[in-house]
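Can you keep this structure in mind? I'll have questions shortly.
The values are calculated or read from the model by the stated rules, or taken from the named source; none is laboratory data. The structure displayed is predicted, hence computed values, not measured ones. Cβ coordinates were reconstructed from backbone atoms using ideal geometry, including for glycine residues, and neighbour counts include every protein chain displayed. Ligands, DNA and RNA are excluded from the accessible area calculation, which covers all protein heavy atoms including side chains. Shrake-Rupley method; radii C 1.70, N 1.55, O 1.52, S 1.80 Å.
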Amino acid sequence: ARQAALRTYTYGPNPFGSYDSITAVPGGAQLRGWTIDANSTDPIRVDIYSNNKGITSLQANTGRADIGSLYVVYGANHGFDGNVPLPPGQNNVCAYAINVGVGGNTLLGCKTVNVLSGSPFGSFDVAAPNGPGKAHIRGWTIDPDSADPARVDVYVDGHGASSGPASGGRCDIARIYPGYGAAHGFDTT
């Protein structure tokens, strides 16, 4: 006969959890994590500080099946996932789980994020002949102030040749700039 594994957890009076990630998005950052206060099965508040100033609060009420399976008594609704406004440049962002009942608040951690702003940037990857009087061009661009595709204008010898959104899928760019998505490529003749 197999014996089931028995797990024992000891909880203190303070909230516990994890500040999993921070990702730059237009105008700020997206934070993800989870927290539970041992004194309550209800979701709790997470206060967000940036550069030593309180900037917002998130409610840790998002479903997290991984947390629900580990902490069955408390359930799955203890994740936080939200965007916070931040100024351009490097920002040190800290998340505090706000205590309920006995105990005190808990620092879940601090992470640094570089919030982009300013002029569009990218890469002009290919310019190759493609038949008489034509050229194939390919690349990508991001306007750091928006997750929407930026417009690309093509000029040949100072004259406008084409214009359109850089909305083609570029998974490689989405991996580097996850808060902006993949729709930032251009590929046209």
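With +1 assigned to the C-beta of every Lys and Arg and -1 to the C-beta of every Asp and Glu, and no other charges, what is the dipole magnitude of segment 38-118 about the Cα centre in debye, to the nearest 20?
160 debye
Top to bottom by accessible area (1.4 Å), largest first, where do Cys171, Cys94, Cys110 land?
Largest accessible area first, the list is Cys171, Cys110, Cys94.
Report the relative contact order of segment 10-101, percent, no decimals, based on alpha-carbon pairs under 8 angstrom and at least 6 residues apart. Walk me through the numbers before you get to the answer.
Details: 204 pairs, mean separation 30.6, N = 92.
Normalised by residue count, the contact order of segment 10-101 is 33 percent.
Find the all-direction average of the projected area of the Cα convex hull for the chain, expressing the result in square nanometres with one decimal place.
16.2 nm²
May I ask you to rank Ser163, Ser40 by accessible area, largest first, using a 1.4 Å probe over the protein chains only?
Most to least solvent-accessible, the answer reads Ser163, Ser40.
Which of the peptides 96-104, 131-139 is most tightly packed, and how do the rest follow, judged by the mean count of other Cβ atoms within 10 Å per residue?
Numbers: 96-104: 16.1, 131-139: 12.3.
Output ranking for 96-104, 131-139: 96-104, 131-139.
How large is the accessible surface of Thr56 in square angstrom, using a 1.4 angstrom probe and rounding to the nearest 10?
Result for Thr56: roughly 50 Å² accessible.
Let me ask something additional. Roll a 1.4 Å probe over the protein heavy atoms and report the accessible area of His159 in Å², nearest 10.
130 Å²
Still on this model: Sticking with the crude label model, points 7 Å out along Cα→Cβ, report the distance from Asn83 to Ser69 in nm, one decimal please.
3.1 nm
Still on this structure, I have one more. If you take the beta carbon distance between Asn92 and Ser117 as r and set R0 to 25 Å, what does 1/(1 + (r/R0)^6) give as a FRET efficiency, to the nearest 0.05?
Using R0 = 25 Å, I get an efficiency of 0.90.
I need to check one value: relative contact order of segment 47-143, counting alpha carbon pairs closer than 8 Å and at least 6 residues apart, in percent.
20 percent
Report the full-extension gain for the segment Asn105 to Gln30: residue separation times 0.36 nm, less the Cα-Cα distance, to one decimal in nm.
Working: separation 75, 0.36 × 75 = 27.00 nm, distance 2.18 nm.
The span from Asn105 to Gln30 would gain 24.8 nm if fully extended.
Compare Phe124, Phe186 by solvent-accessible area with a 1.4 Å probe and give them largest first, with all protein chains kept in place.
From most accessible down to least: Phe124, Phe186.
If you average the C-alpha positions of segment 126-189 and of segment 66-95 separately, how far apart do those two centres end up, in angstrom?
34 Å
Using a 4.7 Å cut-off between beta carbons, which cysteines in the chain end up with no partner cysteine at all?
Within the chain, the cysteines lacking a partner Cβ under 4.7 Å are Cys171.
Hey, can you rank 114-122, 77-85, 147-155 by average C-beta count inside 10 Å, highest first?
Working: 114-122: 13.8, 77-85: 19.9, 147-155: 15.9.
Result, highest mean first: 77-85, 147-155, 114-122.
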